[in-house]
Amino acid sequence: MLVAGNNSNDLVQHATEGLIRVLLFIGYLALLARTPDISRVFQYHGAEHMTIHALEHGDPLRPEAIRKYPTAHPRCGTEFLVVSCC
């Protein structure tokens with residue numbers, strides 16, 4: 001608890017604690033992404049998203065057709081986790 005015993009403004013306290021948690025989570029992900037193995041996992045994960053986009057649009061699953069799609073995917077469980085927790 002950021003401010004112990006001060007119940008006069010719970011909204012500010014909850015917002016501050018939530019912001020601190022989000023910053024800690026983002027910092028953790030940034031540090032984690034710096035390790036070579038996890039960085040490679042993130043690359044593969046983005047490539048999966050690009051492939052799913054191509055598949056959903058009926059494009060051939062060839063690198064030149066897949067490269068035009070973004071690495072973010074709206075129905076990704078990881079994105080849901082990040083959006084719902086923040």
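The values are calculated or read from the model by the stated rules, or taken from the named source; none is laboratory data. Treat the numbers as computed from the prediction; the structure is a model and nothing was measured. Cβ placement follows ideal geometry from the backbone for every residue including glycine, while neighbour counts extend to all protein chains displayed. These accessible areas exclude ligands, DNA and RNA; they are computed on the full protein's heavy atoms, side chains included. Shrake-Rupley method; radii C 1.70, N 1.55, O 1.52, S 1.80 Å.
With every protein chain left in place, what is the accessible area per residue of the range 9-51 in square angstrom, probe 1.4 Å?
Dividing the accessible area of the range 9-51 by its residue count gives 78 Å².
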Applying the gyration tensor rule to the Cα atoms of the range 19-62 (axes a ≥ b ≥ c; rounded if a/c under 1.5, else prolate if a/b exceeds b/c, else oblate), the class is oblate
Whole-Hz Karplus couplings 3J(HN,Hα) for the range 53-69, θ = phi - 60° and coefficients 6.51, -1.76, 1.60, Gly and Pro as x, run 4, 4, 4, 5, 8, x, 7, x, 7, 10, x, 5, 7, 7, 4, 6, 9
Scalar couplings 3J(HN,Hα) for the range 24-33 by Karplus 6.51 cos²θ - 1.76 cosθ + 1.60 (θ = phi - 60°), nearest whole Hz, x for Gly and Pro, are 5, 5, 5, x, 4, 5, 5, 5, 5, 5
The summed charge of the residue 50 Cβ neighbourhood (under 9 Å; Lys/Arg +1, Asp/Glu -1) stands at +1
So the FRET efficiency between residue 30 and residue 57, C-beta based with R0 = 25 Å and rounded to 0.05, is 0.20
Expected unfolding gain across residue 23-residue 9 under the 0.36 nm per residue rule, minus the alpha-carbon gap, is 2.9 nm
